[in-house]
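The values are calculated or read from the model by the stated rules, or taken from the named source; none is laboratory data. Keep in mind that this is a model prediction, so the values were computed, not measured. Don't worry about glycine lacking a Cβ; one is built from the backbone with ideal geometry, like all the others, and counts go over all protein chains shown. All accessible areas refer to the heavy atoms of the entire protein, side chains included, with ligands and DNA or RNA removed. Shrake-Rupley method; radii C 1.70, N 1.55, O 1.52, S 1.80 Å.
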Amino acid sequence: MFFLLMFFLCFALAYFDANRKLWGCMLVIGAALLSVQFCFSGGATVFMIVIGLVLALAINHDPLRRLLLTRPLFGLFKKMLPPLSSTEREALEAGTVGWDGELFSGRPDWRKLLNEPAPELTDEERAFLDGPVEELCGMLDEWQIVEHDRDLPSQVWQYLKEQRFFGMIIPKDYDGLGFSALAHSAVIMKLGSRSITAAVTAMVPNSLGPAELLLQYGTEEQKDHFLPRLARGEEVPCFALTGPQAGSDAASMPDFGVVCKGTFEGKEITGVRLNWEKRYITLGPIATILGLAFKLHDPDHLLGEKEDLGITLALIPTDTPGITIGSRHSPLDIPFQVGPNWGEDVFIPLDWIIGGVERAGHGWRMLMECLGVGRSISLPALSTGAAKLSSRGTGAYTRIRRQFRVPIGQMEGVEEVLARIGGLTYQMEAARTMGCAAVDRGEKPAVLSAIAKYNLTERMRYVVNDAMDLMGGAGICLGPRNFLGRAYQGLPISITVEGANILTRTLIIFGQGAIRSHPHVVKEMEAVSNPDEQVGLKEFDRHFFAHVGFTVGTAARSFWHGLTGGRFITVPEGPYHFLLQQATRLSGAFVLTADAAMLVLGGNLKRKERLSGRMADILSNLYLASAVLRQFEQRGCPAEEWPMAQWACEESFSRIHVAFADFYRNFPVRPVAWLLRGIAFPLGIRPTPPSDKLGHRIAQLLQEPSPTRDVLTADIYLPSDTDEPLGRIDDALVKVIAAEPIEKRLRKGLKEKGIRAGSDEETLQAGVEAGIITAEEAETVRDANAARTEVIKVDDFPADYWQQGGDHA
């Protein structure tokens with residue numbers, strides 16, 4: 001009973017994050033009670049109390065604690081921590097911490113998240129989306145662009161420039177549109193639902209490119225000169241980062257510049273002589289201004305004492321002597337402008353460095369911060385557009401298309417796939433808008449942008465693959481009637497660009513997040529790296545023991561929440577109450593596991609990429625569930641959306657449980673794995689995917705017109721012309737639904753009267769003659785049948801089509 005009492009007292013102190021003074025009192029009282037319990041002699045009792053006092057003093061008296069405990073640990077940590085390269089350090093320091101910090105706290109502040117104002121477009125932004133963007137979409141024919149022209153039409157290029165599509169992020173003071181991140185995202189999403197080629201073309205100048213870099217770091221002279229010209233489309237920008245030897249590992253680029261004397265426009269100046277080879281550069285073949293990343297060297301110390309200055313960024317006109325540019329790649333036959341470029345002995349003035357000489361060597365950090373913004377907006381928008389297109393088109397198609405005399409959408413196997421499409425689309429939209437809101441608040445999300453890029457491009461892959469399965473032959477036969485084929489064709493492009501997804505998952509999301517987003521780790525690392533050892537020791541002492549208390553408290557809460565299923569966690573009330581409790585519980589288990597893994601494996605953890613990837617899956621799905629709950633609350637908790645919100649959260653929680661199970665099963669230090677699993681999941685790990693009943697409700701939602709279906713697929717291009725694939729499908733859906741009760745009554749009446757008919761037309765005539773349906777109702781069924789026939793048609797071409805100039809797609 002004594003030990004049980006002591007255990008509960010310690011557990012309570014840990015659970016409620018007791019301070020060191022209370023723990024010190026506990027040590028003294030525990031020593032005294034232990035002496036009484038076991039009837040120690042007077043001397044032994046005094047001895048036990050003295051030990052308790054010494055321990056209490058050791059943890060509460062700063063100089064003594066630092067001498068006895070902190071200094072040895074300080075030296076040990078210095079040896080344990082892996083050395084960080086300058087690029088790794090800059091990547092860790094770049095950007096800001098947002099909701100990822102809350103998830104790493106183990107106790108997210110849900111009120112803070114749920115009380116965020118709903119993101120909204122301004123009237124001007126909405127007018128642009130409904131006006132110029134809508135008009136641009138109407139000008140685009142992706143089949144013609146891909147199959148024949150291999151480029152956007154000249155009038156589309158002109159329209160993009162005239163309407164300032166390349167200047168969405170550039171402020172109005174520089175002739176740009178000055179749009180929010182949310183508006184930028186909405187434009188790309190709508191374009192992406194119509195034409196990947198056009199979306200990528202508009203996307204790149206507004207994400208990682210010269211405009212963003214100039215806005216953040218350019219000199220006033222550079223801004224005044226370039227930004228208006230970029231906004232008006234007088235300059236077409238590209239940014240050259242990737243090369244043959246440096247893809248995802250861009251920091252290892254061999255491209256270099258040497259500070260030296262040279263002749264420029266007839267004058268001898270101090271400048272930079274550059275040599276490079278780049279590839280996969282979007283808009284490169286037609287660019288007039290080239291953003292370039294290179295390593296800068298100053299062997300003659302013309303700029304200062306330092307010889308290797310590091311990665312530097314410059315802005316160079318493409319007609320500068322020595323530049324070779326213009327040839328094109330063909331990325332899976334999607335003909336947006338992309339290609340390689342080279343520079344041989346290209347001499348540029350120093351003031352072409354973005355930000356001037358003062359920014360020389362700061363390029364990697366500049367890139368990391370700007371890349372985080374681009375990852376939060378462009379690729380998530382493109383991915384969400386493809387998902388919304390799949391949801392709207394494929395959901396309607398499964399109601400229109402019949403097999404075995406019933407709509408295929410009534411088959412349970414099809415319903416299962418439709419539920420995934422709808423649930424993931426809802427989840428993707430939530431993550432898209434949450435990322436945009438963070439950027440619009442002035443944040444530069446580093447970890448969260450990697451989560452958004454990886455997870456939304458992967459979910460686009462899941463959704464489009466599922467949609468292709470449901471479309472069947474209509475999905476695989478390319479042609480003007482196919483609304484989905486090009487999205488499927490271009491899937492690997494988004495997976496590959498701006499950081500390959502495999503490396504984003506296994507190296508960046510958790511590898512960077514575990515340090516950057518954790519409340520204590522980055523501060524401990526900074527303390528250990530402090531050149532002033534005494535200051536570093538004090539800082540380390542403060543953060544390390546705060547970290548110990550944090551971990552002990554997290555462990556206690558995780559164990560209790562694991563025993564109770566999280567049902568006693570205090571969270572905001574609402575239909576999502578239980579989901580918030582589960583998210584909080586899983587957040588605590590995640591932080592506990594992350595802390596233990598970092599402690600046990602140290603620097604080796606970043607080389608255990610399978611383990612790191614599973615932790616990335618947990619963090620990602622916690623973020624996605626948070627985004628879903630935020631979106632549901634901001635929309636006023638509509639009951640019609642609840643099936644999608646619940647499905648999306650439960651799907652994420654199921655993935656989290658699977659990731660935990662795989663992590664513990666493969667953690668190399670088995671006793672630690674057993675202990676962690678026993679604390680975080682004392683009753684076992686039970687992945688529970690969304691129920692079939694929930695999936696059925698989502699599948700039904702996708703198969704009939706409704707305000708909820710319109711909200712799910714909002715802000716994509718919806719042509720009303722029945723010559724367009726999506727317009728044809730939406731038109732047929734309404735007609736098919738109108739005809740269904742008539743057809744049901746007709747079948748029942750013919751069966752009751754024993755009338756057997758042959759073709760569809762004969763059946764209708766028999767029904768009219770028998771008085772089962774009216775002539776007007778028969779015409780409604782004919783219209784539905786005709787619309788259905790148009791929808792299920794696929795394209796075919798003359799035998800000599802490709803020999804006569806058609807390009808094989």
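Residues whose amide H lies under 5 Å from that of G243, counting only those 5 or more places away or on a different chain, are R279; hydrogens are built 1.01 Å from N in the peptide plane. For a straight C-alpha distance cut-off of 21 angstrom, the lysines reachable from K190 (same-chain residues fewer than eight places away being disregarded) are K161, K388, K453.
Cross-link partners of K751 among lysines, defined as those whose alpha carbon lies under 27 angstrom from its own and excluding same-chain residues fewer than eight positions apart: K735. The order of the peptides 561-570, 299-308 by mean Cβ neighbours within 10 Å, most packed first, is 561-570, 299-308. Computed with a 1.4 Å probe over protein heavy atoms only, the accessible surface of the chain comes to 42 Å² per residue. Pairs from the table (K278/K306; K261/K295; K306/K538; K693/K744; K78/K538) lying more than 22 angstrom apart at Cα are K278/K306; K306/K538; K693/K744. Here the 3J(HN,Hα) profile of the stretch 234-243, calculated from phi with Karplus coefficients 6.51, -1.76 and 1.60 at θ = phi - 60°, is 6, 10, 9, x, 9, 10, 9, 10, 7, x Hz, Gly and Pro shown as x. Centre-to-centre, using Cα atoms only, the stretch 310-332 and the stretch 412-443 are separated by 36 Å. Taking amide H as placed 1.01 Å from N in the peptide plane, the amide H of F347 sits under 5 Å from that of L274, each at least 5 places away or on another chain.
Where does each of W352, W560 land when they are ordered by accessible area, with a 1.4 Å probe and the largest first?
Descending accessible area places them as W560, W352.
A convex hull fitted to the Cα coordinates of the stretch 269-337 yields 98 cubic angstrom per residue. As a rough guide to protection, the peptides 539-549, 235-245 ranked by mean Cβ packing within 10 Å, highest first, stand as 235-245, 539-549. Based on alpha-carbon centroids, what's the gap between the stretch 126-164 and the stretch 731-799 in Å, whole number please? Using only Cα atoms to place each centre, the spacing works out to 39 Å. At a 1.4 Å probe radius, carbon and sulfur cover how many percent of the accessible area of the chain? Within the chain, the accessible surface is 56 percent carbon and sulfur.
Can you tell me the order of 434-440, 314-320 when each peptide is scored by its average per-residue count of other Cβ atoms within 10 angstrom, highest first? Could you put the intermediate results ahead of the total?
On the way: 434-440: 23.6, 314-320: 17.9.
In descending order of packing, they fall as 434-440, 314-320.
Sorting W802, W157, W674, W110 by solvent-accessible area of protein heavy atoms yields W674, W802, W157, W110, largest first, with a 1.4 Å probe. Using a probe of 1.4 Å, the accessible surface attributed to R614 totals some 50 Å² when neighbouring protein chains are kept in position.
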